[in-house]
Amino acid sequence: MTATPATPLLDTVDTPEDLRKLAPGQLRALADELRAEMISAVGTTGGHLGSGLGVVELTVAIHYVFNTPQDRLVWDVGHQAYPHKILTGRRDRIRTLRQGGGLSGFTKRSESDYDAFGTAHSSTSISAALGFALANQMRGLPGKGIAVIGDGAMSAGMAYEAMNNAKPAGNRLVVILNDNDMSIAPPVGGLSAYLARLVSSRPFLGLRDIARRLSRRLPEPLHRAAKKTDEFARGMAMGGTLFEELGFYYVGPIDGHNIDQLVPILENVRDAAEGPCLIHVVTQKGKGYAPAEAAADKYHGVQKFDVITGQQVKPVATAPAYQNVFGETLAWLANDDPRICAITAAMPSGTGVDKFATAHPDRSFDVGIAEQHAVTFAAGLAAEGMRPFCAIYSTFLQRAYDQVVHDVAIQNLPVRFAIDRAGLVGADGATHAGSFDVTYLASLPNMVVMAAADEAELVHMTYTAALHDSGPIAFRYPRGNGTGVPLPEVPQQLEIGKGRVVRHGTKVAILSLGTRLAEALKAADQLEAKGLSTTVADLRFAKPLDTDLIRHLMATHEVVVTVEEGSIGGLGAHVLTMASDEGLTDAGLKIRTLRLPDVFQDHDSPDKQYDAAGLNAAGIVDSVLKALRHNSAGVEEARA
């Protein structure tokens, strides 16, 4: 007789409730199947790979031991939560990850009850988990708050702000520090060395734990005395551990890939009567998949790939990536200007600062996931006469807005903000979209705000920013590759607040800011085919506006349309305010503003996102035609 193949364990697990029915001895096999399923899924969709591979065993152990979703599990950043999604009822949709209408690449409350908190920016997990823990405590309900935070995320001050306030939660708060010696870039700062020292101190910690257990059996006065002796010995031997000084009971470090070790330790923590606990788990990013283990970034983010070989299916680039154009231009400028320096917040390759760092390592600073520090650090450099470029993704610069206002703008310090990932970013979705930077920067006194229409313009704007010493200046550019225009051999210093006309017409004027210029030119072609002579202007500056150019176009055209890759309150709002202040609409001029819709757009391809927003040639043409029909109707009505 032919033996019937055993049913894969993963096929029997749809939710953590099913997982808890397994015997402990089955968990190793389940983890292996889960890792294989994740590799297959990400090979199909692309996405974040290495971080999820590193927490497969940890994910299994957490859901096996804790009563999720009653116990609220918060994954910091959330990009490592793919195994979590597979185990929480979403395996049948896992191959829709980051696709339009599919699963988010991060945790999302609207997606599952098991996604307790939406996370895509780092270092928020402990604060959120503390909120869950104390809410249940105050309501007299069961339920812990469990935060899984990576060592890279521990470079942000918010994590310590939360830990400093965690004591009232008692044993309802569990923090799991996933120490994989790597976030996206290699870890920086003192914390990395501190974690290494904790590892080396394990023998002493083991002895101390034994002493603690023994002391609890003593009468209360002797117990108190023993506790003081323990604290004194700890201080003598280690100078006190940071986490315990913050009120946490520290456990670790432990092997994050050893389920036989993880499960009993988590069970002990779950049932402990002590206060907040921090479990230090050591994992390997990319674990269990040789191509990821061998990669420098452990396959942090990947395109679709061949599971057997690990070969990624990358589109053929026809133009350089914007980030590389910036990094190489800045490095070239710094050859002749020793005052130029570059700062990034844990994104050296993502911002192109790695190109600068190769050429000028002594003037390149990766401060870790610490955008607030990055901005104020840049302000200090600028105040001392340096020319700092603070290269941060638009979505992450939001985290340092107070520093932009208080430490830079108010003091009118010449910090240069290179804002990467401006506009919509596709598969990363709403949490990573650069939708708001024009709005939140152009509202600030002293701030200059530029937007590059293509990679050649980015070269000019980088050069212009380097020479701008009279106050803060920002320039934004999108994710991905440029348009293929030739890069200038010699950069041009742009006149502050002056745009350019790239196409002349007489009836319709399209005022473009940023890389929608290509769609504006397509729209002009379509309008010309309908007999509507169209001017296209690349304003270059959202602040200060080119008021002379805008005034001229409003006086000589019947319809004016602004187009921008940003939210309400940006370029369109500033143009409307100018027109209102100067009474330019009194003669019947029709002004329309095209911008991102007032919603958080879900993940999809960038082209589909912009189509949905109406920020394409068809949307521009439709806006013009509606304005003209409205105008014609108004004339007919007046004549009647």
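Observations on the structure shown:
- Criterion (under 26 Å from Gly385 (Cβ atoms) and not in a loop (DSSP other than H, G, I, E, B)) met by exactly one of Ala465, Ala520, Ala542: Ala465
- Condition check for Ala474: part of a helix (DSSP H, G or I) and within 31 Å of the chain's Cα centre (by Cα): no
- Looking across segment 91-119, the residues that are touching a Phe, Trp or Tyr at 6+ places or on another chain (Cβ under 9 Å) and surrounded by fewer than 20 Cβ atoms within 10 Å (Cβ to Cβ) come down to Arg109, Gly118.
- The residues of segment 558-608 that are of a type outside the set (Ser, Thr, Tyr), without any contact (Cβ under 8 Å) to a residue 12 or more places away in the chain and either over 16 Å from Ile620 (Cα atoms) or assigned to a strand (DSSP E or B) (or both), listed by number, are Asp581, Gly583, Asp586, Ala587, Val599.
- Scanning segment 266-296 for residues that are closer than 17 Å to Gly145 by Cα and in a helix (DSSP H, G or I) turns up Leu266, Glu267, Asn268, Val269, Arg270, Asp271.
- Test: Gln323 is loosely packed, with under 13 Cβ neighbours inside 10 Å and not charged (D, E, K, R): no
- Residue within segment 557-568 that is of a type outside the set (A, V, I, L, M), at pLDDT 95 or above, out of contact with any helix residue (DSSP H, G or I) (no Cβ under 7 Å at 6 or more places or on another chain) and more than 20 Å from Leu589 (Cα to Cα) present: yes
- Of the listed requirements (1) in contact with a helix residue (DSSP H, G or I) (Cβ under 9 Å, 6 or more places away or on another chain); (2) part of a loop (DSSP other than H, G, I, E, B), Ile308 misses just one: (1).
- From the list Gly89, Gly52, Gly100, the one residue that fits, being of a type outside the set (D, E, K, R) and either more than 26 Å from Gly143 (Cα to Cα) or part of a loop (DSSP other than H, G, I, E, B) (or both), is Gly100.
- Some residue of segment 315-331 being outside the structural domain of Leu58 (by TED's automatic domain parsing), free of Cβ contacts under 8 Å to residues at least 24 places away in the same chain and out of contact with any Ser or Thr (no Cβ under 7 Å at 6 or more places or on another chain): yes
- Qualifying position, being among the small types (Gly, Ala, Ser), assigned by TED's automatic domain parsing to the domain that holds Gly47, in contact with a helix residue (DSSP H, G or I) (Cβ under 8 Å, 6 or more places away or on another chain) and closer than 21 Å to Arg172 by Cα, among Ala81, Ala133, Ala120, Ala128: Ala133
- Criterion (in the same structural domain as Pro472 (by TED's automatic domain parsing), under 29 Å from Thr107 (Cβ atoms) and not polar (S, T, N, Q)) met by exactly one of Asp407, Asp402: Asp402
- Residue check, Val405 out of contact with any Phe, Trp or Tyr (no Cβ under 7 Å at 6 or more places or on another chain) and either closer than 24 Å to Phe436 by Cβ or among the hydrophobic types (A, V, I, L, M, F, W, C) (or both): yes
- Which numbered condition Arg387 fails, given (1) under 23 Å from the mean Cα position of the chain (by Cα); (2) under 26 Å from Tyr440 (Cα atoms); (3) basic (Lys, Arg): (1)
- Where a residue in segment 387-413 is in contact (Cβ under 8 Å) with a residue 24 or more places away in the chain and its partner, wherever it lies, is crowded, with 24+ Cβ neighbours inside 10 Å and among the basic types (Lys, Arg), with Cβ under 6 Å and at least six apart: Phe389/Arg416; Tyr393/Arg421; Ser394/Arg421
- Taking the criterion of being farther than 17 Å from Asp337 by Cβ and among the aromatic types (Phe, Trp, Tyr), the only residue of segment 358-387 that qualifies is Phe377.
- Residue within segment 55-65 that is without any contact (Cβ under 8 Å) to a residue 40 or more places away in the chain and either part of a helix (DSSP H, G or I) or more than 23 Å from Gln398 (Cα to Cα) (or both) present: yes
- For Leu494: the one exception among (1) in contact with a Leu (Cβ under 8 Å, 6 or more places away or on another chain); (2) free of Cβ contacts under 8 Å to residues at least 60 places away in the same chain; (3) buried (at least 18 other Cβ atoms within 10 Å of the Cβ): (1)
The values are calculated or read from the model by the stated rules, or taken from the named source; none is laboratory data. Here the structure is a predicted model, which is why all the values come from computation and not from measurement. Because the Cβ atoms are built from the backbone with ideal geometry, glycine has one as well, and the counts that use them run over all protein chains shown.
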